[in-house]
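Here is the structure we will look at, set down as C-alpha cells.
The values are calculated or read from the model by the stated rules, or taken from the named source; none is laboratory data. Computed from a predicted structure; not experimentally measured. For neighbour counting, all protein chains shown are included, and Cβ atoms are generated from backbone atoms with ideal geometry for every residue, glycine included. Note: areas computed on protein heavy atoms with side chains; ligands, DNA, RNA excluded. Shrake-Rupley method; radii C 1.70, N 1.55, O 1.52, S 1.80 Å.
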Amino acid sequence: MDAYQIREITLLPGISRDGVRETFDEIVIRPGDTISIVGPTGSGKTALINDIEVFAQQDTATGRSVLVNGALPPDTLVRDPSQKPIALITQHTKCLADLSVLEFLSMHLQARKCTDPARTEETITLANQFTGEAITGTMRMTALSGGQTRSLMVADAIVISDTPLILLDEIENAGIFKDRVIASLKEHQRAVLFVTHDPYVSLLSDRRIVMQHGAVVKVIESDGSEQEALTAVAGIDTLLYSLRERIRAGEQITGGVKVA
C-alpha cells in the first residue's frame, strides 16, 4: 500500500429498495475509525459493505458510489489484488485448502508481493491475542475452529494484507475477544466497519450507521452520552465470556450469577 497512500474513503448516497434517495451527504472513513453498521436482518447491512469492497460507481443495486481520497479510485486499486486497500472478512471463513497455517500465510504473502517472511509469525502471534484457542503454524487450516479462523483472518488483514480498511461481517459469531480486536485495529491505525447485532461492538464504535429497507437512515456519532450503557454492556459481556469458558471446561454452574 506504500505506492498509494489512502487518506480517506468516501461513501456517497444511493437509493433504498423503494427507490428513495438516501438522506446522508457522505460518509468519510479515515484510518483509526471504528464504525458499526446496525439494523434488522435484511436491512441492507451486507450490501453496504459490499458496495465499499467493490468500489461501487453507481453500478450496484443501491446506486452508491465510493471515492478514494476524494476522487475515483485508481484502476490498480480496483483490479490488482496485491494493491487492494480493503480486506473483507465474511461470516463464512472456512478454508477449503488443506494447507498448514504457515503455508497458507506464506501463499498470501506472495500474492501480496511482500518480501518479509517474518510477517507470517507476526500474524500468528497477533491472532493468538484474539482467541483463547492457541494457533500454531503447523495446524491445518481445515482443522481450525471458527474463532481461530476469524482471529487469523483479522490478523492477516492487519499484518500481511496491510490494508487501511477492514470490513468485518458479524464479529460476535466468531468466538473471539472483540475488545482486543478493536484495540489492535485502533493501535495499527486501521479503519474498520463492523456489520453487527452486538450491543457491545456497536457502543464501542466511534460511529453507528443505522440501516432500514436497504438504505442508510441515520449516522450516530459517539459523544460520550452512551458511556453508562457501554459500561453496563461490558460487564454483561465479561460475564457471558466467563460462563462460556466455565461451561466449556465442564464446570457445573450452580447458584446465581452477577454482572461485575
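Taking one quarter of the surface of the C-alpha convex hull of region 152-229 gives a mean projected area of 5.9 nm². Above 17 Å lies some portion of the pair distances; for region 127-260, what is it as a whole percent of all C-alpha pairs? Summing the P(r) of region 127-260 above 17 Å gives 66 percent of all pairs. Of the cross-linked pairs Lys186/Lys218; Lys45/Lys186; Lys113/Lys218, those separated by over 32 Å at the C-alpha level are Lys113/Lys218. Per atom type, the chain shows carbon and sulfur on 52% of its accessible surface, probed at 1.4 Å. Averaged over residues, the count of other Cβ atoms within 10 Å places the peptides 145-156, 72-83 in the sequence 145-156, 72-83, highest first. Can you tell which of Phe177, Leu204, Gln252 lies farthest toward the positive end of the dipole of region 166-260, using +1 and -1 charges on the Cβ of basic and acidic side chains (Lys, Arg; Asp, Glu)? Farthest towards the positive end: Gln252.
Pairs of Cα atoms in the chain fall into 5 Å distance bins, from 0 up to the last occupied one, in shares of 1, 6, 12, 16, 18, 16, 13, 9, 6, 2, 1, 0, 0 percent. If R0 equals 30 Å, the separation of the Cβ atoms of Asn69 and Thr138 corresponds to a calculated FRET efficiency of about 0.10.
Put Ile124, Ile247 in order of accessible area, largest first, 1.4 Å probe: what do you get? Each step should come with its number before you reach the end.
Working: Ile124 10, Ile247 105 Å².
These residues rank, largest area first, as Ile247, Ile124.
Temperature 4 °C, viscosity 1.567 mPa s: under these conditions the Stokes-Einstein estimate for region 1-127, based on its Kirkwood radius over C-alpha pairs, is 76 µm² per second. Considering only Ser65, Ile29, Phe130, the residue lying farthest towards the positive end of the dipole of the chain is Phe130, judged by Cα position with unit charges set on Cβ.
List the relative contact order of region 55-108 as a percent without decimals, with contacts defined as Cα pairs under 8 Å and 6+ residues apart. Relative contact order here is 16 percent. Measuring nothing but how far apart in sequence close Cα pairs (under 8 Å, 6+ apart) lie, relative to its length, the chain scores a relative contact order of 26 percent. When only the Cβ of Lys, Arg, Asp and Glu is charged (+1, +1, -1, -1), the dipole of the chain relative to its Cα centre reaches about 360 debye.
Relative contact order, whole percent, for region 121-203 stands at 30, derived from Cα pairs under 8 Å and 6 or more residues apart. Accessible surface computed residue by residue for the chain, with neighbouring protein chains in place and a 1.4 Å probe, gives 50 Å² per residue.
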